[in-house]
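Notes follow once the structure below has been shown.
Quick note: the coordinates plus some simple rules give every number you see, no bench work behind them. From a predicted model like this one, the values you see are computed outputs, not experimental measurements. Ideal geometry is used to build each Cβ from the backbone, glycine not excepted, and the neighbour counts take in all protein chains shown.
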Amino acid sequence: MTARLTPIAAASAASAASAATAATATRDAPAIARAPTPVGVTYLSVDTVVEIVRRKGLAACLHGMAASIREDFLRWNDFDKSARVGNHSAHGVIELMPISDATHYSFKYVNGHPANPRIGLPTVMAFGVLADVATGRPQLLSELTLTTALRTAATSAVAAQALARPDSRVMALIGNGAQSEFQALAFHHLLGIEEVRLFDVDPQATAKLVANLQGTGLGVTVCVSTPEAVRGADIVTTVTADKARATIITPAMIAPGMHLNAVGGDCPGKTELHPDVLRAARVFVEYPPQTRVEGDIQHMPADFAVTELWQVLAGTQPGRTRADDITVFDSVGFALEDLSALRFLRDAATELGLGETLALIPDMADPKNLFGCLLNHAGAAPQSLRRVA
Ligand SMILES: NC(=O)c1ccc[n+]([C@@H]2O[C@H](COP(=O)([O-])OP(=O)(O)OC[C@H]3O[C@@H](n4cnc5c(N)ncnc54)[C@H](O)[C@@H]3O)[C@@H](O)[C@H]2O)c1
């Protein structure tokens, strides 16, 4: 797949030029009355998404993505939803996450392979597509590894705004890998968290996080264990990666009024919270059919009481009702958040004139003449098409 390094601003010119070429190529074909719809797909590479974050600012991107996610959660019933499809192996999972409303369809490809960092690969890698529902035309193809970290942190913040005590200032952050800076900074910018208390079984991951948080205004305390990090925290974020039924947080660590943002338990057989923590708490989820299989509540009976986050945001179900409630956001990551993130990226790229046009779909003057793509500019079949095998 080759990308023409063309800014979006030049996309329509490029499309017109390619339509003209196609018209020449099919000179002998019957003329069509209408100009063909451009099929160029906008491509956002990692570099482009980095540029968007640098130009808009990280805080603005987190705020923007959170607003987009909140807006879509408030339109919950407009969406055709399904639990993601996971292909599991002994090493991890590869998942496809589709969703649509009347206008947009999106999907994300994402993996989860906790041992990957040992061979120099990220645990989580992703890309995705935003498409027009009316025609099926792919509109945008984007990197989503960086974007997943942004959207997950923004979703955690949206949930915590509804569920955590408003006076929360200290957050424990257990698991200091790829997602951790994004979580720390989303809670700093969107919740007013002033101090993070860090623990990871890998001290190098914590050292990396400390270095990356320098100059952000967040106070940082490195702890030697999860119980030490959690002690005195208002919010506890668990964002560990281990293909195991782990119990990172046990009932003894929990204090009244805590909000738990449980991000890392997101796959069958991969959990972070002791079942008694869930029993002691009010539990909030994205999409129950997915979370009951993948989330920390996979431990619990099928009728274990949960509240859907969208209902809290819409005001139809209560979030935190008392200062001493223990609340859990059992986050697994839902396709809706990726659609929201893709919408945000598309709009930001358009605003900043960033992105490339990708020749992903054949651009044809006559859409029925797909074979014409193989012909040369004179409309003749090259020798290679005539050769008999
Ligand atoms: N809910 C969501 O929407 C969502 C989105 C993205 C990632 N995730 C999940 O978040 C987790 C973290 O992702 P990442 O990209 O940061 O992975 P990562 O591999 O970069 O980092 C995970 C960190 O957890 C640490 N860890 C493992 N076991 C631990 C333990 N018992 N105590 C403390 N630390 C421990 C590891 O040493 C590592 O530094 C993964 O499980 C991933 O699947 C969830």
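Note on TYR287, TYR109: ascending count of other Cβ atoms within 10 Å places them as TYR109, TYR287, the fewest first. Under the combined filter of DSSP loop state and at most 16 neighbouring Cβ atoms within 10 Å, segment 149-216 retains these trypsin sites (Lys or Arg not before Pro): ARG169. P(r) tail for segment 128-230: Cα pairs beyond 20 Å make up 46% of the total. Restricting the trypsin sites (Lys or Arg not before Pro) of segment 325-389 to loop positions (DSSP other than H, G, I, E, B) with no more than 13 neighbouring Cβ atoms within 10 Å leaves LYS368, ARG387.
Simple point charges give the picture: +1 on the Cβ of Lys and Arg, -1 on the Cβ of Asp and Glu, and for the chain a dipole about the Cα centre of about 780 debye.
Dividing the C-alpha radius of gyration of segment 167-333 by 2.2 N^0.38 Å, with N its residue count, gives 0.98. Can you pull the Rg over Rh of segment 299-389, Cα-only, Kirkwood? For segment 299-389, the value is 1.34. In the chain, taking the dipole from charged Cβ atoms about the Cα centre, the farthest positive-side position among SER156, LEU260, ALA134 is held by ALA134. Along each principal axis, taking the top coordinate minus the bottom one, the Cα set of the chain gives 79, 44, 42 Å in descending order. Geometric descriptor of segment 181-234, per residue, is 70 Å³ (volume of the convex hull of the Cα atoms). Lys-Lys pairs in the chain that are eight or more residues apart or on separate chains and whose Cα atoms lie under 30 Å of each other come to 12.
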